[in-house]
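Everything on this sheet refers to the single structure shown next.
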Amino acid sequence: MSLKKQSTYFTHPLLRKNILHFREYQKNIIESALNKNTLVILPTALGKTIISLLVCSNSLYNNRDKRVLILAPTRPLVNQHRNSFVSCMKLFEDQTAIVTGKILPYARTIVWNKKEIRLVFATPEVVKNDIKEERLSFKDFFLIVFDEAHRAVKDYAYTFIAKQYVQHCSYPLILGLTASPGSEKNKIQEICSNLFIEHLEYKMEEDSDVKRYINPIDVKWKWFDLPSEYQYIKSILKTMLEEKLNWLNSNNMIKKNSRWIFKRDLIALGEQLRHNLSIRIEEERRPLYFGLVQQSVALSLMYCVELMESQGFYSLKTFLDRMQVEESKSHKMLLNDHRIKEVKGFIENLKTEHPKIEYLIKILKEAFDSQKFNLKENRNLTENVSLGKESRVLVFTQYRDTAQHIVELLIKNKIKASRFVGQSKRQGDPGMKQEEQNSVLEYFREGDFNVLVATSIAEEGLDIPEVDLVVFYEPIPSEIRHIQRRGRTGRKNIGSVIILAAKETIDEHYFDVSRKKIQKMKSVLSSINTTLNLKPVHRLTLRPNPMTKSEIDSLDSYLNKYEERIKIKSPSPNKNKIFPNKISYSKKDHTIVQFKRQVEQIARKIYSIVSIHGNNGLDVELIHSILEIDDTVIGEALKMLEKLNKVKINGRKAILCDNIEKIHGEMYNIEIEKVLMGTALVLVNSKWHASLHHYDYSGPRELIRKGREFQAIGELYHDNDILNIRVKQII
């Protein structure tokens, strides 16, 4: 069944009426993606999600006994995709499911085994783990969609999943989606190879068939001179950094002029030194340990310089305060230097804000204080885009501390603003839970505040409301992230972007890098189809087995009855679209549902707590005291876990029922030495230093803390000469 145009909308048996506006270029891309593994590269706001939705609709309709898997990098994005699909497609409530790390393994197994669930939305790490533990088989899946496909490089889970899918499915079909695959031809080739891409669809904003759907976006750069106080602090930090870089150079640990040493060079050096430590005998390790300390100090100093130049004194002060409570040798060495003590004393009394913040407050205050304000200051900005009192502004910054400071200053100046950051916890910052993120976006959408100050979490995929102005608090060297940030405006109307940068700082370097990468990406993509090596994938021909008319009629009847029921029960019209998965309950029903959800939530917490103690178990009374919640809820949660054969109560102890012998691997003693973003550095069996990546860890997060020790079943492996460990089960 092919997609058709009826009036100005797409029509399809599994598509709701008058829901998706017809676009010829989307139809052409969809038809190409129905038979070949296809990578779609499309600028933001041109409908990548719509393309995937229509390809999925066609696949489900023509293969009534097959299933579709849709992958997205984060839980919020997974939920967003599901909501988008169920609001546009004709589906029964029990035909879709979400699979993320929040879902326990036994429940995920049920989803994978239940063929009636035809559309599964999942995060890649969970899918990867379920494949390894043989909970998931791909034999019934006709199509896999890889959203944000530019992530399919190196050992990211997408690579593993695609390989397993092509190997174990007789008729694999893959659809990759991205707004920006990168500027390097080798990287684009790697993405295509890892996802077994056979065909590439690329559209530029200048193409005739998409041009009329794109609003112009005016991008302006605003440059600032650093105040003298900032220059003074910067000079102290630069001198200290130069000393460390020269030491590394003179000791042949890094062979590069200090002027051209950047963060990536120091990070690579750290990985190499840790690898060398893991393969040397104890007598040869001393100079390597000292070199690692010098590398760590240099990296911290480089970070300090960047914060002072690009962010402001508040972010630097917060970072130094955070270092004070950490126990690493490098931080102690740095903080004991009299020059750092001088810097700390100076910024304690510093009142001069970074000129970027002052400028941001100035333009926003003038905009929201007046009825209408042209972003035109001194003819440096466009005359076409204006801000009014109801306008939305999105401010991007690299750092959470900066985001917090900007919000505080905006509120102080009577500008309604809120922070938007990721879920991960960091020292002094608990992050934002998914519920909080959803609430903030909803308040922003409803106009409760005008300015959203966000970190990188808002760059990729999330359904951020249309904004009139995007502000980069700093330039970023990644062309992918630059394009994602820029694409947050100009969706429905003319958009405007302002990029703030400080002269003679890291901002200038990032400006040059970003500009060159974007130009290079456009050049590479313009000739991409003729230069890439795209190989055909062997697949069996699957005879179409379309859904019957009675099946479509029953879907229509179900949805009609459901929406009639919603209309009767709803006292007032809902602003949002009605999703078939959202059901109205009576007050009594709602209380029961809340209790059940609470029991399920506590069951997951109990399972996580008991997991830490492995075969030793945990006293039930201790579980009650740890959770500090109603005894009835805990009792029901324990009964649920017993019924599911996840936990058994032996005397007064709760013990895991998992059969350890089923897990293949060796037993290791693991000590957490250091926790980095997405990776922990560990000591294995008191002999080997290894990296433990988040995608190689199947256990409770509570264990990943510096100084924690535990036993686990797992395996060691090398990647680019660096020793890694994969933890399969905590013992």
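The values are calculated or read from the model by the stated rules, or taken from the named source; none is laboratory data. Since the structure is predicted, the reported quantities are computational estimates derived from the model, not experimental observations. A quick note on method: Cβ atoms are made from the backbone with ideal geometry, for glycine too, and the neighbour counts reach across all protein chains shown.
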Name the pairs: first residue in region 8-28 and closer than 21 Å to Q95 by Cβ, second residue surrounded by fewer than 17 Cβ atoms within 10 Å (Cβ to Cβ), Cβ to Cβ under 6 Å, at least 6 apart or on different chains?
F10/F22; T11/K4; P13/I552
What pairs can you find where one residue is in region 344-358 and surrounded by fewer than 15 Cβ atoms within 10 Å (Cβ to Cβ), the other is part of a loop (DSSP other than H, G, I, E, B) and at pLDDT 90 or above, and their Cβ atoms are less than 8 Å apart, with a gap of 6+ or different chains?
T352/P227
Check whether at least one residue in region 478-492 is surrounded by fewer than 20 Cβ atoms within 10 Å (Cβ to Cβ), part of a loop (DSSP other than H, G, I, E, B) and at pLDDT below 80, and report yes or no.
yes
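Let's see how each residue does on (1) touching a residue at least 60 places away in the same chain (Cβ under 8 Å); (2) under 17 Å from R108 (Cα atoms); (3) β-branched (V, I, T):
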{"site": "F121", "(1), (2), (3)": "no, yes, no"}
{"site": "V126", "(1), (2), (3)": "no, yes, yes"}
{"site": "F142", "(1), (2), (3)": "yes, no, no"}
{"site": "D147", "(1), (2), (3)": "yes, no, no"}
{"site": "H150", "(1), (2), (3)": "yes, no, no"}
{"site": "V153", "(1), (2), (3)": "no, no, yes"}
{"site": "T159", "(1), (2), (3)": "no, no, yes"}
{"site": "Q164", "(1), (2), (3)": "no, no, no"}
{"site": "L177", "(1), (2), (3)": "yes, no, no"}
Take the conditions within 24 Å of R481 (Cα to Cα) and of a type in the set (A, V, I, L, M, F, W, C) and apply them to I50. Does it pass?
yes
Note on S496: of the conditions (1) among the hydroxyl-bearing types (S, T, Y); (2) at pLDDT 85 or above; (3) in a helix (DSSP H, G or I), unmet is (3)
Failed condition for Y558, given (1) closer than 26 Å to H482 by Cβ; (2) of a type outside the set (D, E, K, R); (3) at pLDDT below 85; (4) surrounded by 14 or more Cβ atoms within 10 Å (Cβ to Cβ):
(1)
So which residues in region 239-262 are in contact (Cβ under 8 Å) with a residue 40 or more places away in the chain, in a helix (DSSP H, G or I) and surrounded by fewer than 16 Cβ atoms within 10 Å (Cβ to Cβ), if there are any at all?
T239
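Check region 438-448 and report whether any residue there is part of a loop (DSSP other than H, G, I, E, B), out of contact with any Asp or Glu (no Cβ under 6 Å at 6 or more places or on another chain) and either among the acidic types (D, E) or over 16 Å from I498 (Cα atoms) (or both). Outline the logic, then answer.
Initially, region 438-448 is screened for residues part of a loop (DSSP other than H, G, I, E, B), giving 447-448.
Narrowing the set further to residues that are out of contact with any Asp or Glu (no Cβ under 6 Å at 6 or more places or on another chain) leaves 447-448.
Checking the rest, the ones that are also either among the acidic types (D, E) or over 16 Å from I498 (Cα atoms) (or both) come to 447-448.
Checked region 438-448: at least one residue is part of a loop (DSSP other than H, G, I, E, B), out of contact with any Asp or Glu (no Cβ under 6 Å at 6 or more places or on another chain) and either among the acidic types (D, E) or over 16 Å from I498 (Cα atoms) (or both).
Just a yes or no: is a residue in region 284-296 within 30 Å of H405 (Cα to Cα), in contact with a Lys or Arg (Cβ under 7 Å, 6 or more places away or on another chain) and in a helix (DSSP H, G or I)?
No.
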Answer residue from region 289-325, given it is over 27 Å from the mean Cα position of the chain (by Cα) and surrounded by fewer than 16 Cβ atoms within 10 Å (Cβ to Cβ) and is modelled with the lowest pLDDT among those
V325
Kindly indicate whether A45 is in contact with a Gly (Cβ under 7 Å, 6 or more places away or on another chain) and either more than 20 Å from K114 (Cα to Cα) or at pLDDT below 95 (or both).
yes
Here is a check on your reading of the model: is I672 surrounded by 18 or more Cβ atoms within 10 Å (Cβ to Cβ), within 27 Å of I606 (Cβ to Cβ), among the β-branched types (V, I, T) and without any contact (Cβ under 8 Å) to a residue 40 or more places away in the chain?
yes
All positions within region 409-439 that are aliphatic (A, V, I, L, M) and surrounded by fewer than 14 Cβ atoms within 10 Å (Cβ to Cβ)
none
Considering only helices (runs of 4 or more DSSP H) fully contained in region 150-237, which possess at least 2 residues that are buried (at least 18 other Cβ atoms within 10 Å of the Cβ)?
157-168, 185-194
Scan of region 677-717 for residues that are surrounded by 15 or more Cβ atoms within 10 Å (Cβ to Cβ) and more than 26 Å from the chain's Cα centre (by Cα), ordered by number:
L683, V684, W688, H689, R708, F710, A712, I713, G714, L716
Strands (runs of 3 or more DSSP E) contained entirely in region 4-77, each with at least 1 residues that are over 30 Å from D553 (Cβ atoms) and acidic (D, E)
none
Result of the Cβ filter at 6 Å on region 179-200, keeping first residues that are closer than 17 Å to S527 by Cα and partners that are of a type in the set (K, R), at least 6 apart or interchain, is S183/K517; S183/K520; E198/K36; H199/K36
Restricting region 440-477 to residues that are charged (D, E, K, R) and over 17 Å from G422 (Cα atoms), the residue that is modelled with the highest pLDDT
E474
